[in-house]
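What follows is a short report on a single structure.
The values are calculated or read from the model by the stated rules, or taken from the named source; none is laboratory data. Being a predicted model, the structure only gives us computed values, none of them experimental. Cβ placement follows ideal geometry from the backbone for every residue including glycine, while neighbour counts extend to all protein chains displayed.
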Amino acid sequence: MQDYLLPRGRRTLAVASGVLALAAMGLGSQARAASFGTPTLSLSAAYLSGAVGASGDPVVKVTVAQSGADAGALTVTVTKSSKTSVATTADVTVTGTGATRQVAVAARGRGYTDLTVKVTGVDGQTATKTLHYAASAAVQQAADSRYFTGSSDASAAVDVGGGYAVVADDESNTLRLYDRSASGAPVKTWDFSSNLGVSKEIDIEGAARVGDTIYWTGSLGNNKDGEYKSARNTVFTTKVSGSGAATVLSYGGSYGKLRDDLVAWDEAHGDRYGFAAGTADGQVPKQIDGFNVEGLEFAPGSTTTAYLGFRAPLAPAVADGKALLVPVTNIDKVVGSGATAVFGTPIELDLGGLSVRDLRKNAANQYLIVAGSWAADDNSDPYALYSWDGDPAHAPVKRLDLPTSDPGGWESVVDVPDLTVPGARAQLITDDGSADLYGDGTEAKDLTHPEWKKSRATWFTIGG
């Protein structure tokens, strides 16, 4: 076969014609695409919780990039929902520009759905991530409610200024700092287990602040199976520096014999409240004659006398019994130097057959008492909010009955406004640990992802 060689000029023309032919076949666009990398996206959290009809639900941040492209030119969309009865793609809003976007979901029904989040590059290339979303049911006063995620068993709370509060959990020893006005995860967390020398939960149930010191108390009772657990017999302090989002907690001191002191004191006074029987092996704490502390607050004008508020027993231990407060007159020395507790005259308050679930006062010595049942399974039992002036001779006054048709039991009040001001509001928090939030029969405390665990904080108008 004979080879034919084109002259140089004709050879150049043929090569150019070949390039045009390749471009016509689409290979030129592939060459241009090679100048851009595959787009990427990451989610600030893979799991997200919301509520039907909620205000201020938490959101997820989406970070996007594509090499060779301006991040602002990338498109972020949600293209699929695995369960549209919970949320459709139309219920998802994507906002923001540049490399960071924000995804918010407005739930339409209770349950779980997987949302597909997609980024599209400037050249049409895509990448996806899955956002696992859970929605709880609508609640009363939804506009006044927020959800603190990361734990579901909120048990005590203390205001630290600037619209923030430190919240305790009775299923762990972790203290969490939350923005009171927003739903979402804690800003900071602290776990003082190693300082306290405990490996099990203290069952934190009460807290009170004086100056820069917060006192925290365990329930002091047996566990739900009637077994004594030494970690629960703990009172400890944390020191506060800073305020608001800049709050820092450091360990102070602890005392591990307050329960023992209470039993000895009661026995020395004729076994009036049955503390020895209430703490006996096998005795369940949340019985009308049980032993369980859930409230802690200082006496009017005092920095050394603190009231212990009892969920159980009632005084006497009958259906219309009164709620019990026992003053510890040297709480500062008890925790500060390990002194044996000294107790003042007990106070019995008529809360309509309910017991103390929390109590809190303000600088003017105005108290709020969250009253609830002594029973263990009481999420639908009556709850009420009382005001009191701290004088043992004066009766508390019911301010309102708290709603009980929604999940969770009312467990703590963050702070007390001036109760004489019309329209003054107080924020209360629920313990949702035993609630089936998402309709699958799983108690919130047993959920596998902390982002799905949550407690509800609701503002109530009580002033005037």
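If we only count strands (runs of 3 or more DSSP E) wholly inside the stretch 75-185, which ones have 2 or more residues that are crowded, with 19+ Cβ neighbours inside 10 Å and in contact (Cβ under 8 Å) with a residue 24 or more places away in the chain?
Output list reads 75-81, 100-105, 111-120, 126-136, 145-149, 154-161, 164-169, 174-179.
How about the stretch 388-424: which of its residues are within 20 Å of the chain's Cα centre (by Cα) and closer than 24 Å to GLY301 by Cα?
Result: SER412, VAL413, VAL414, ASP415, VAL416.
Residues that are farther than 21 Å from ASN330 by Cβ and free of Cβ contacts under 8 Å to residues at least 60 places away in the same chain: does the stretch 213-220 have at least one?
no
I need a count of the residues in the stretch 435-461 that are touching a Lys or Arg at 6+ places or on another chain (Cβ under 8 Å) and either at pLDDT below 95 or charged (D, E, K, R) (or both).
Count: 3.
Test each condition in (1) surrounded by 14 or more Cβ atoms within 10 Å (Cβ to Cβ); (2) modelled with pLDDT of 95 or more for SER337 and report the one that comes out false.
(1)
Looking only at the stretch 404-423, which residues are closer than 16 Å to TRP388 by Cβ and touching an Asp or Glu at 6+ places or on another chain (Cβ under 8 Å)?
VAL413, ASP415
Check the stretch 433-443 and report whether any residue there is surrounded by 20 or more Cβ atoms within 10 Å (Cβ to Cβ), under 20 Å from ALA312 (Cβ atoms) and within 14 Å of the chain's Cα centre (by Cα).
Yes: the stretch 433-443 contains one or more residues that are surrounded by 20 or more Cβ atoms within 10 Å (Cβ to Cβ), under 20 Å from ALA312 (Cβ atoms) and within 14 Å of the chain's Cα centre (by Cα).
Can you name every residue in the stretch 158-170 that is more than 10 Å from the chain's Cα centre (by Cα) and of a type in the set (A, V, I, L, M, F, W, C)?
If the condition is that a residue be more than 10 Å from the chain's Cα centre (by Cα) and of a type in the set (A, V, I, L, M, F, W, C), then VAL158, VAL160, ALA165 are the ones that fit.
May I ask you to list the residues in the stretch 140-167 that are of a type in the set (Val, Ile, Thr) and farther than 22 Å from GLU451 by Cβ?
VAL158, VAL160
Of all the residues that make up the stretch 155-200, how many are under 22 Å from ASN222 (Cα atoms), in contact with a strand residue (DSSP E or B) (Cβ under 8 Å, 6 or more places away or on another chain) and β-branched (Val, Ile, Thr)?
Qualifying residue count for the region: 1.
Would you check which residues across the stretch 191-224 are within 17 Å of the chain's Cα centre (by Cα) and surrounded by fewer than 19 Cβ atoms within 10 Å (Cβ to Cβ) and list them?
Within the stretch 191-224, just ASP191 meets the criteria.
Of LEU400, LEU296, LEU314, which residue is assigned by TED's automatic domain parsing to the domain that holds GLY226, among the aliphatic types (A, V, I, L, M) and closer than 20 Å to ALA207 by Cα?
Criteria check complete, one pass: LEU296.
Just name the residue that is surrounded by the fewest Cβ atoms within 10 Å (Cβ to Cβ) out of those in the stretch 254-288 that are outside any helix (DSSP H, G or I) and of a type in the set (A, V, I, L, M, F, W, C).
ALA280
Identify the single condition in (1) within 28 Å of ASP418 (Cβ to Cβ); (2) surrounded by 20 or more Cβ atoms within 10 Å (Cβ to Cβ); (3) hydrophobic (A, V, I, L, M, F, W, C); (4) out of contact with any Asp or Glu (no Cβ under 7 Å at 6 or more places or on another chain) that VAL356 does not satisfy, given that it satisfies every other one.
Here VAL356 meets the rest and fails (4).
Just name the residue that is farthest from VAL326 (Cα to Cα) out of those in the stretch 226-269 that are polar (S, T, N, Q) and free of Cβ contacts under 8 Å to residues at least 40 places away in the same chain.
SER241
Within the stretch 238-251, which residues are surrounded by fewer than 23 Cβ atoms within 10 Å (Cβ to Cβ) and part of a strand (DSSP E or B)?
LYS239, VAL240, SER241, VAL248, LEU249, SER250, TYR251
Among the residues that make up the stretch 399-413, is at least one of them modelled with pLDDT of 95 or more, surrounded by fewer than 16 Cβ atoms within 10 Å (Cβ to Cβ) and in contact with a helix residue (DSSP H, G or I) (Cβ under 8 Å, 6 or more places away or on another chain)?
no
Quick one: is SER55 under 26 Å from the mean Cα position of the chain (by Cα), polar (S, T, N, Q) and surrounded by 15 or more Cβ atoms within 10 Å (Cβ to Cβ)?
So SER55 does not fit the description; no.
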